[in-house]
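Notes follow once the structure below has been shown.
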Amino acid sequence: MTNNSVRDSARLLGAALRALLVLTLACGVVYPLAVTGAAQALFPAGANGSEVTSEGRVVGSALIGQRYDLPLRKGQETPSPDLRWFQPRPSHGLGTNSVNTQYKLILSGATNRSADSRELIALISDAKAAVVRDNTTAGHRIDPADVPAEAVTSSGSGLDPHISPQYAALQAHRVAERNGLDTERVEQLVADHVRGRTLGFMGEPRVNVLELNVALRELTAKG
């Protein structure tokens with residue numbers, strides 16, 4: 001190899017290293033810091049994970065669903081829902097999502113079962129029966145025809161934090177009875193937490209279950 005060839009190779013290698021350094025600083029340091037700074041300045045709550053607090057501590061994110069279950073008893077494998085609280089869409093808890101398990105964040109996905117799957121049909125039937133059983137009180141009988149679809153099916157991600165106003169209202173009698181509250185107060189609590197369509201036309205009206213349960217805790221504390 002001639003001296004010219006060595007010099008040319010060294011020059012190309014030096015240029016490549018300089019480009020690597022500049023791009024690393026620009027894309028790996030300056031750009032992330034700029035985006036993080038802009039996010040913190042413009043929408044800090046969203047940038048920090050849309051945290052929901054209760055009694056001075058973070059209890060979850062408004063963007064990610066979670067379950068409200070009783071502690072496992074000895075020999076029990078699947079937890080039972082704590083019926084004092086509003087319940088979210090099922091995420092394996094009622095068997096309709098074999099990908100996600102109890103809203104754990106390690107996985108996100110849907111069942112990918114077809115609409116005519118016998119297994120899926122059986123699971124949905126069992127889930128509907130559970131919703132009717134759990135939400136029927138001494139003075140209020142749930143009609144199976146009133147059970148909305150999202151009460152018995154998981155979302156595409158398995159992490160949906162919202163339910164429909166219809167499903168939240170369906171649970172109001174049970175929540176009121178379990179917490180010793182007037183049904184009218186619980187129904188008003190649900191109505192106060194209904195969010196409309198985004199920008200007035202995107203999506204459907206919805207209720208964030210975590211935010212609703214935080215408000216329920218505060219209402220229960222007041223008596």
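The values are calculated or read from the model by the stated rules, or taken from the named source; none is laboratory data. Since the structure is predicted, the reported quantities are computational estimates derived from the model, not experimental observations. Note that each Cβ is placed from the backbone with ideal geometry, even for glycine, and that neighbours are counted across all protein chains shown. Ligands, DNA and RNA are excluded from the accessible area calculation, which covers all protein heavy atoms including side chains. Shrake-Rupley method; radii C 1.70, N 1.55, O 1.52, S 1.80 Å.
In this structure the chain gives 61 Å² per residue of accessible area when probed at 1.4 Å with all protein chains present.
Remark on ASP69: its backbone amide H falls under 5 Å from those of ASP82, a criterion applied only to residues 5 or more positions apart or on other chains, H modelled at 1.01 Å from N. In this structure the amide hydrogen of SER54, modeled in the peptide plane, comes within under 5 Å of the amide hydrogens of VAL59, none closer than 5 places in sequence on its chain. Among the protein heavy atoms of the chain, carbon and sulfur supply 58% of the accessible surface, probe 1.4 Å, non-protein parts ignored. Mean-square fluctuations from a GNM of the chain, with a 10 angstrom spring cutoff on Cα atoms, peak among VAL186, VAL209, VAL35 at VAL35. Extending 7 Å from the Cα toward the beta-carbon at both ALA19 and GLU119 defines two label points whose distance is 5.1 nm. In terms of its C-alpha gyration tensor, region 114-223 has an oblate overall shape, because the principal axis ratio a/c (a ≥ b ≥ c, square roots of the eigenvalues) is not below 1.5 and a/b does not outweigh b/c.
Across the chain, Cα-Cα distances exceeding 29 Å account for 43% of all pairs. Provide the FRET efficiency to the nearest 0.05 for the LEU219-ASN112 pair, computing r from the beta carbons and using R0 = 25 Å. Efficiency for this residue pair is about 0.05.
Once you reduce region 130-199 and region 32-49 to the center of their Cα atoms, the two points are 34 Å from each other. Over the chain, DSSP H runs of length four or greater, each weighted -39,500 (n - 2.57), average out per residue to a 222 nm ellipticity of -13000 deg cm²/dmol. Length gained on full extension, ALA26 to ASP192: 55.1 nm, using 0.36 nm per residue less the C-alpha separation. Between LEU17, LEU189, LEU170, the GNM of the chain built on Cα springs shorter than 10 angstrom shows LEU17 fluctuating the most.
Highest GNM mean-square fluctuation among HIS140, HIS162, HIS193, for the chain modelled with Cα contacts below 10 Å: HIS140. In sequence order, region 30-38 has phi-based couplings of 5, 4, x, 5, 5, 5, 5, x, 5 Hz under the Karplus curve 6.51 cos²θ - 1.76 cosθ + 1.60, θ = phi - 60°, and Gly or Pro positions carry x. Note on HIS140 and ARG57: the model spin-label points, each 7 Å out from Cα along the C-beta direction, lie 3.1 nm apart.
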